[in-house]
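What follows is a set of notes on a single structure, which appears directly below.
The values are calculated or read from the model by the stated rules, or taken from the named source; none is laboratory data. The shown structure was predicted, so the numbers you read here are calculated from the model rather than taken from an experiment. Glycine also receives a Cβ, built like all others from the backbone with ideal geometry; neighbour counts cover every protein chain displayed. Areas reflect the complete protein model, heavy atoms only, side chains present, ligands, DNA and RNA absent. Shrake-Rupley method; radii C 1.70, N 1.55, O 1.52, S 1.80 Å.
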Amino acid sequence: MTDHTLDRNGVIAALAAFVFWGLAPIYFHALHSVSAWEVLAHRVLWSVPVLLLFLAIRDGRKIWSKLHLPLKSVAWLFVSALLIAINWLVFVWAVANEHILDTSLGYFSSPLLSVLMGFLILKESLQPIKVIAIVIAAAGTVYLAWYLGRPPWIAISLALSFSLYGLVRKRLTVGPMLGLLWETLLMLLPALVFVSWQNLKGNPQFLHATHGIDFLLIGSGLITVLPLIWFNVAAQKLPLSILGFFNYLAPSISFLIAVFLFGETFTQGHAVAFICIWSALVLVSIEPFRRAKRRLSGGNAG
């Protein structure tokens with residue numbers, strides 16, 4: 001198999017993952033009649049068997065030895081589980097309540113917030129162009145808050161929880177699939193308790209609404225895991241400098257879905273905020289783009 005073939009497969013896998021993530025609001029919007037808490041619980045419940053099946057196929061019996069982690073790592077995975085649970089909950093609620101545009105804004109903002117956290121917490125270098133980018137993005141967010149008369153809490157919550165999640169996971173040497181399995185296992189008991197409590201209370205949607213709702217709730221596990229599998233394939237075959245540009249694909253698709261499919265209101269405040277954040281992303285992407293271009297040029301020369 002040639003390097004060219006590997007690169008092509010990596011691009012296909014990256015496109016599949018980020019297009020899938022971008023289209024996810026359509027899937028979860030179909031569950032708008034189900035509470036966000038119930039969707040979150042089922043997303044956890046059905047992700048566990050999907051992850052176990054995938055890892056059993058990939059790793060065989062080695063999966064059990066890989067699951068043995070130091071207590072410190074498990075403690076950090078508990079923190080990351082809380083953060084990704086918050087992210088999933090806010091995302092599902094936002095989609096169900098016609099705030100897909102805010103989710104797009106949040107995920108566009110996340111890379112910029114990660115740059116700031118890297119500087120403040122990990123003491124990473126912060127180039128002047130990145131400082132300018134962060135200031136421009138912050139100005140756009142402040143303007144949107146002023147225009148709406150309230151902070152864009154959905155976008156802020158998603159960007160903050162996802163950036164913190166990435167920061168915590170960066171401290172760990174646990175792979176993304178194994179890490180997600182541990183996170184969902186740590187959330188499994190609370191999810192089971194919630195589903196049991198809801199059944200006793202007498203108002204669950206699962207097995208009490210339509211077969212379509214049941215199918216969508218069961219499928220939420222696959223919807224969660226499948227794009228992550230593709231992302232892992234892409235990460236193995238593509239340089240991170242190239243893979244990084246695919247990150248903007250998912251929120252771009254969600255943006256288009258929000259405005260053109262679901263007809264969400266795109267105000268002047270949104271326009272200013274998105275233009276500021278897009279401009280900031282262009283600024284922070286200049287150097288990675290140059291590195292990616294040099295890498296590709298070097299590969300072609302070879």
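Numbers below:
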quantity	calculated
Residue count, region 25-78 (criterion: touching a helix residue (DSSP H, G or I) at 6+ places or on another chain (Cβ under 6 Å), under 30 Å from Asn97 (Cβ atoms) and among the β-branched types (Val, Ile, Thr))	4
Qualifying residue in region 234-253 (condition: assigned to a helix (DSSP H, G or I), open to solvent by less than 70 Å² (accessible area, probe 1.4 Å) and hydroxyl-bearing (Ser, Thr, Tyr))	yes
Only one of Ser157, Ser196 that is touching a residue at least 60 places away in the same chain (Cβ under 8 Å), assigned to a helix (DSSP H, G or I) and small (Gly, Ala, Ser)	Ser157
Qualifying positions in region 209-220 - out of contact with any helix residue (DSSP H, G or I) (no Cβ under 9 Å at 6 or more places or on another chain) and either open to solvent by less than 80 Å² (accessible area, probe 1.4 Å) or not in a helix (DSSP H, G or I) (or both)	Ala209, Thr210, Gly212, Ile213, Asp214
Helices (runs of 4 or more DSSP H) contained in region 1-96 and holding at least 1 residues acidic (Asp, Glu) and surrounded by fewer than 21 Cβ atoms within 10 Å (Cβ to Cβ)	3-29, 36-59
Lone qualifier among Ser80, Ser104 - being under 15 Å from Ala159 (Cβ atoms) and in contact (Cβ under 8 Å) with a residue 40 or more places away in the chain	Ser104
Out of Ala138, Ala145, sole residue that is open to solvent by less than 30 Å² (accessible area, probe 1.4 Å) and more than 13 Å from Phe108 (Cβ to Cβ)	Ala145
Test set (1) assigned to a helix (DSSP H, G or I); (2) more than 29 Å from Ala250 (Cβ to Cβ) - Ile223 fails condition number	(2)
Filtered residues of region 135-154 (kept if touching a helix residue (DSSP H, G or I) at 6+ places or on another chain (Cβ under 7 Å), assigned to a helix (DSSP H, G or I), of a type outside the set (Gly, Ala, Ser) and under 26 Å from Trp88 (Cβ atoms))	Thr141, Leu144, Leu148, Ile154
Number of the condition not met by Leu126 [criteria: (1) free of Cβ contacts under 8 Å to residues at least 40 places away in the same chain; (2) surrounded by 14 or more Cβ atoms within 10 Å (Cβ to Cβ); (3) assigned to a helix (DSSP H, G or I)]	(3)
Enumeration of residues in region 160-170 that are farther than 28 Å from Leu53 by Cβ and either in contact with a Ser or Thr (Cβ under 6 Å, 6 or more places away or on another chain) or not in a helix (DSSP H, G or I) (or both)	Ser163
Number of the exception - Leu178 against (1) farther than 24 Å from Leu52 by Cα; (2) open to solvent by less than 50 Å² (accessible area, probe 1.4 Å); (3) among the aliphatic types (A, V, I, L, M)	(1)
Selection from region 182-212 of residues that are touching a Ser or Thr at 6+ places or on another chain (Cβ under 8 Å) and of a type in the set (A, V, I, L, M)	Ala209
